[in-house]
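Comments concern the structure below.
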Amino acid sequence: MAEKEDVPIAIELAKKQRDISIASFFEKNRHLLGFDNPRKSLLTTIKEAVDNSLDACEEAGILPEINIEVIEMAENKFRVIVEDNGPGIVKKQIPNIFAKLLYGSKFFKLSQSRGQQGIGISASVLYAQLTTGKPARITSRISKKHDAHYYELHIDTQNNKPQIIKEDVVEWNKEHGTRIELDLEGSYQKGDQSVDQYLKQTAIVNPHVTLIYTNPKAEQIIFPKASEQLPKKPVEIKPHPYGIEIGILLSMLKMTEARTLQSFLMNEFSRVGYGTAKLICENAALLPKTKPKDISREAAEKLIEGIKKTKIISPPVDCISPIGQELLEKGLKKEINAEFYTAITRPPAVYRGNPFIVEAGIAYGGQQNAEESMHLLRYANRVPLLYQQGACAVTKSVLNTAWRNYGLSQSRGALPIGPVTLVVHIASVWVPFTSESKEAIAHYPEIIKEIKLALQECGRKLASYVGKKRRIQFESKKRDYIRLFIPHVGEALKELLTLKESDEKKVEELLAQILEKKRGKLENIEAKNLEYDEEFAKIGEEDEEDKE
Amino acid sequence: MKKTKNKQVLKEITDTADSVYSRIKKKKAPELKMPLRALSNVKYDPKDGFFELLGKMKERTLTASTIKTFAQTLRMMSHAKNIIEEDDITTKREMYYISKNWAEAAFKEQPESDTVMDDMEAMMMVNREQLGFIPEEKGGEVAGKLVVIDKDSDTGKEIKIDCTKFGSGAYSIPISVEHLKFETNAKFILAIETAGMFQRLLKHNYWKKANCILVSMGGVPTRACRRFIRRLSDEKNLPVYVFTDGDMYGYANIYRTLKVGSGNAAHINEYFCVPRAKFLGVTPQDIIDYKLPTHPLKEVDIKRGKDALKNDPFIQHHKEWRKALEQMNKMKVRSEQQALAKWGLNYVIEKYLPQKLKNPKSWLP
């Protein structure tokens, strides 16, 4: 019958419509999460684990001590072990934290931390599972009164749920802390963008951290802490209305305990009081008494329009904890044997309702190559950014700064040339990355402006040093030139006045003295660097054998 | 007589060296001060008749810009002392090569070495021959009614040189002329810029017709040439007439230098100039009066004329010269001595020179 053939097309289509498994989502989007290739995957995995450990330790007020071990199991197969002395994780949360994507503590609170969305470590677990089929092995303990729990976890890729393979209570000599062990496909190389580089750069801007790293060549490198002081604990703040996006707003509306829209605005956002909340509602043409759960997507969009129309004071900025000029300089001195160091911390600024701080530091001269491009180190919330330099707001700001004014040469649209290492750090409750793999900072005009101001401030100090150095070099050249002729004066006077050899020598000595007296003392302005550690500086550089 | 003169120069040298030495011993920066040799540092007083130095001094001491010449001056003084003591001489070119032993203090080019030599003269107010230095350049040529009395350098006997007996050649002025004596019954000296014109006058024995002495300067007269004409005209009380091309170089360089000296050698002008010289031609007015063929003035000619009007104290002093230069700048043309050949090869002998000599109003001071 015709009826039977007349099945609506939608029913046919519906057969193909189903939940997309997170595994296939991951497969399609792995580049967005930092798993583009084996080498980068290894780095991303270590980076996510270390970032999590550091965040956990700092939040708990513990000076971090982190063990990282990378073992080559077979060709392109590696075991990664990261173990920290952090606060540990309560038993029932362990499976969710490590084996459920988008599960985390950091998404809805706004505070300056390394991780943001809760995607990183579980993505690594998923990657390991997809490339080797082996489960993640987690051990965690929260105090000596509690047991250490051991889990072997898979992710149920159909349902995005943890799948417990094995669960146990184990003996562990650590009082508290967490250990994760993953087997995954990867590739290990030194040089730029390597694990070694990442750890070194992490050590530069985190002087309170101890890292113990064993690489696949079984070389152990220890980055000892240089400071006993934990960074100021970042203050948690509620989001500022100006920074809110529709998706987040909708989930906040769903989860809030507030009964009215007005109290929702007052409770869940910073800088919104009774009056401001009422004004937002008016501007959005929504009733203040509306129940948050009843607000539709359309109404939420109106709400965002209403927020835009309302004047709201900037968010508090005391929630940001910068590295600080002194420690940034210290970190640079540890890494680079230069002759001049400077660093600055900008006052806090705000982009789209999010407070942020830009810091910059420069190490100039010394053993650095004067013919090469500047060495640029980018950081976001103390995490080094190793990839996508070209797409980053930091790079753009560096390119748009007139370094010629500061004594470096620079061709159009290129990094300046000179013996310089430049560190740029952005600290924010929400660093806007261009993608989930957190490699490049998005081009917000407010951020670019702050970076440029920081660079200019450092640049001016650099220019004054370079200028001074040039003057001294010029002066010293002049003196050398004058000194060249002193023996001629001595010899001519000896011949003219038939002086003795000793008198001739005396004339030359006196002339040298007169010269120094007349032209003044030559200043030595190069900094003595007592912090420089040659062993440390070598880390992450490519080995000769690796090049071949 | 010569010995005492040398002693004076030697003392001057060692005194200068001593002052340098004693400053060094007092731990003060040593210095050598010498007059600035430039047109901006001379004045012209027609009563004295030559360019005299004003007070501007330059200093060489322990600075990056002067230390090299400071050392070179001392080394050259030391060489001068040697050759005076040994009664020897050194040519300017030889001095330049001797400096090649001084490593980094060597002169790169001879003009550098000549400059230091001229500065030494100015500093000690002597001329370079007294320091034992002599130039390579020839002094000029002479023909006509003159007997020069020189000495044979072997026997010391007097030699009489009759300047009428060189035929189509001429007597060459030596580098040093102080010892020469003269016999003549000529009426005047004619100093000529170019060898070409000198040859023309010689060919037709003009000196016989006009009863004069011809001197070929060959461009700007050398010191020896200036000194020769000066001594000859002083001792025999002869007027001196100057005959150059009708251009700025002939006026402001050749004639001016012969008459009052130069800015560059202002320290020795007193003896190396001929204040009684008069300019016969070719004047700008001659170019018009004799309808001479011309060349347009070049940029450099115009600039030379403007510079002379602005900076040359001699030109500035004489209204007639200012007018002449301004006239030439307006005419925008110049003429060479030999342009007179337009009217026939011997026109210069038969018409031009006799007419000019008869009419002092057509001269320039």
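Can you tell me the relative contact order of chain A? Whole percent, Cα pairs under 8 Å, sequence separation 6 or more. Before the final figure, lay out each step's value.
On the way: 1047 pairs, mean separation 72.8, N = 548.
Relative CO of chain A lands at 13 percent.
Whose amide H sits under 5 Å from the amide H of A:Tyr351, counting only residues 5 or more places off or on another chain, with H placed in the peptide plane?
Sorted by chain and number, the residues that satisfy this are A:Phe356.
Can you list the HN-Hα couplings for the range B:276-293, worked out from phi with the Karplus curve (6.51, -1.76, 1.60; θ = phi - 60°), rounded to whole Hz and with x for Gly and Pro?
Values, residue by residue: 7, 4, 10, 8, 8, x, 8, 8, x, 5, 4, 4, 6, 4, 9, 6, 7, x Hz.
For the range A:150-279, just list the percent of Cα-Cα distances falling in each 5 Å bin from zero outward, please.
2, 7, 9, 10, 9, 9, 14, 15, 11, 7, 4, 1, 0
Kindly provide the pair-distance distribution of the range A:442-500 built from C-alpha pairs, with 10 Å bins from 0 and whole-percent values in order of increasing distance.
P(r) over the range A:442-500, rounded to whole percents: 19, 20, 17, 14, 12, 9, 6, 4.
Between the range B:286-335 and the range A:359-417, what is the C-alpha centre distance in whole Å?
So the separation of the two Cα centres works out to 65 Å.
I'd like the distance between the alpha-carbon centres of the range A:244-269 and the range A:170-235, rounded to an integer number of Å.
Centre-to-centre (Cα) distance: 38 Å.
Please state the relative contact order of the range A:152-293 as a whole percent: Cα pairs under 8 Å, 6+ residues apart? Intermediate results must be reported in sequence, preceding the final value.
Numbers: 115 pairs, mean separation 17.6, N = 142.
This gives 12 percent for the range A:152-293.
Calculate one ³J(HN,Hα) per residue across the range A:164-176 by plugging θ = phi - 60° into the Karplus curve 6.51 cos²θ - 1.76 cosθ + 1.60, and present them in order as whole Hz with x for glycine and proline.
Here the 3J(HN,Hα) series is 7, 8, 8, 9, 7, 10, 10, 6, 9, 6, 8, 5, 8 Hz.
Under 5 Å between amide hydrogens, which residues at least 5 positions from A:Leu376 or on another chain qualify, with H placed 1.01 Å from N in the peptide plane?
The list, which skips near neighbours in sequence, is A:Leu422.
Against the empirical 2.2 N^0.38 Å scaling, what ratio does the C-alpha Rg of chain B come to? Could you put the intermediate results ahead of the total?
Numbers: Rg = 22.5 Å, N = 365, 2.2 N^0.38 = 20.7 Å.
With N residues counted in chain B, Rg over 2.2 N^0.38 Å equals 1.09.
How about the range B:237-345: which trypsin sites (Lys or Arg not before Pro) there are in a DSSP loop, with at most 12 other Cβ atoms within 10 Å of their Cβ?
Within the range B:237-345, the qualifying trypsin sites (Lys or Arg not before Pro) (loop, at most 12 other Cβ atoms within 10 Å) are B:Lys291, B:Lys298, B:Lys332.
Relative to the longest principal axis of the C-alpha atoms of chain B, give the angle of the C-alpha long axis of helix B:319-331, reported between 0 and 90° and rounded to the nearest 10°.
70 degrees
List the trypsin sites (Lys or Arg not before Pro) within the range B:29-73 that DSSP assigns to loop and that have no more than 10 neighbouring Cβ atoms inside 10 Å.
Details: sites: B:Lys33, B:Arg37, B:Lys43, B:Lys47, B:Lys56, B:Lys58, B:Arg60, B:Lys68; in loops: B:Arg37, B:Lys47, B:Lys56.
Answer by residue number: B:Lys47.
Taking the inverse of the average 1/r across all pairs of different Cα atoms in the range B:242-332, what Kirkwood radius in Å do you get?
Details: mean 1/r = 0.0738 Å⁻¹.
For the range B:242-332, inverting the mean 1/r across all distinct Cα pairs yields 13.5 Å.
As an exercise, identify the trypsin sites (Lys or Arg not before Pro) in the range A:439-515 lying in DSSP coil whose Cβ has no more than 10 other Cβ atoms within 10 Å.
Numbers: sites: A:Lys449, A:Lys452, A:Arg460, A:Lys461, A:Lys468, A:Lys469, A:Arg470, A:Arg471, A:Lys477, A:Lys478, A:Arg479, A:Arg483, A:Lys494, A:Lys500, A:Lys505, A:Lys506; in loops: A:Lys500.
Sites meeting the loop and neighbour criteria: A:Lys500.
Any chance you could tell me what percent of the C-alpha pair distances in the range B:92-225 go past 23 Å? If you can, show how the numbers build up before the last one.
Working: 4199 of 8911 pairs.
That fraction is 47 percent.
What is the Cα centroid distance between the range A:294-324 and the range B:201-265, reported in whole angstrom?
About 100 Å separates the Cα centre of the range A:294-324 from the one of the range B:201-265.
Can you compute the charge dipole magnitude of the protein assembly as shown about its Cα centre, using +1 on each Lys and Arg Cβ and -1 on each Asp and Glu Cβ, nothing else charged? Give it in debye, rounded to the nearest 20.
My answer is approximately 5160 debye.
From the backbone phi of the range B:194-209, what are the Karplus-calculated ³J(HN,Hα) couplings (6.51 cos²θ - 1.76 cosθ + 1.60, θ = phi - 60°) in whole Hz, Gly and Pro given as x?
9, 5, x, 5, 4, 4, 4, 5, 5, 3, 9, 6, 4, 4, 6, 5
Return one number: the angle in degrees, 0 to 90 and rounded to the nearest 10, between the long axis of the Cα atoms of helix B:67-85 and the longest principal axis of the Cα atoms of chain B.
Once rounded, one gets 80 degrees.
Would you work out the Kirkwood radius for the range A:325-460? I mean one over the mean of 1/r across all pairs of different Cα atoms, in Å. Walk me through the numbers on the way to the answer.
Numbers: mean 1/r = 0.0673 Å⁻¹.
Radius from the Kirkwood sum: 14.9 Å.
Any idea what the alpha-carbon Rg over 2.2 N^0.38 Å comes to for the range A:199-264?
Values: Rg = 21.3 Å, N = 66, 2.2 N^0.38 = 10.8 Å.
Expressed relative to 2.2 N^0.38 Å, the Cα Rg reads 1.97.
Based on Cβ point charges of +1 for Lys and Arg and -1 for Asp and Glu, what charge dipole magnitude is obtained for chain B about its Cα centre, in debye rounded to the nearest 20? If you can, show how the numbers build up before the last one.
On the way: 64 positive and 47 negative charges, 202 e Å.
Here the size comes out at about 960 debye.
Please state, rounded to one decimal and in Å, the Kirkwood hydrodynamic radius that chain A gives when every pair of distinct Cα atoms enters the mean of 1/r. Numbers along the way, then the final one.
Working: mean 1/r = 0.0369 Å⁻¹.
One over the average 1/r among Cα pairs gives 27.1 Å for chain A.
Using only C-alpha positions, report the orientation-averaged shadow area of the convex hull of the range A:241-309, nm², one decimal.
Working: hull surface 14.9 nm².
If I average the Cα hull's projected area over directions, I get 3.7 nm².
Could you work out the pair-distance distribution P(r) of the range A:144-187 from its alpha-carbon pairs, with 10 angstrom bin width and percents rounded to whole numbers?
Histogram of Cα-Cα distances, whole percents per bin: 22, 41, 29, 8, 0.
Counting pairs of alpha carbon atoms under 8 Å apart in space and at least six apart in sequence, what relative contact order in percent does the range A:325-460 give?
Values: 273 pairs, mean separation 42.8, N = 136.
Once divided by the residue count of the range A:325-460, the mean separation gives 31 percent.
Check B:Thr91: other-chain or 5+ apart residues with amide H under 5 Å from its amide H, H built from backbone geometry?
Under 5 Å from the amide H of B:Thr91 lie the amide H atoms of B:Ile134, each far enough along the sequence or on another chain.
With runs of 4+ DSSP H residues as the only contributors, calculate the mean residue ellipticity of chain B at 222 nm using -39,500 (n - 2.57) per run, divided by the residue total and rounded to the nearest 500. Intermediate results must be reported in sequence, preceding the final value.
Details: 13 runs with 141 residues, N = 365.
Calculated mean residue ellipticity at 222 nm is -11500 deg cm²/dmol.
For the range B:283-337, count all C-alpha to C-alpha pairs, find those more than 12 Å apart, and express that count as a whole percent of the total. If you can, show how the numbers build up before the last one.
On the way: 947 of 1485 pairs.
That fraction is 64 percent.
Each reported figure results from applying straightforward, stated rules to the coordinates on display, with no laboratory input. Model, not experiment: these values are computed from the prediction. As a convention, Cβ positions derive from the backbone with ideal geometry for all residues, glycine included, and neighbour counts pool all protein chains shown.
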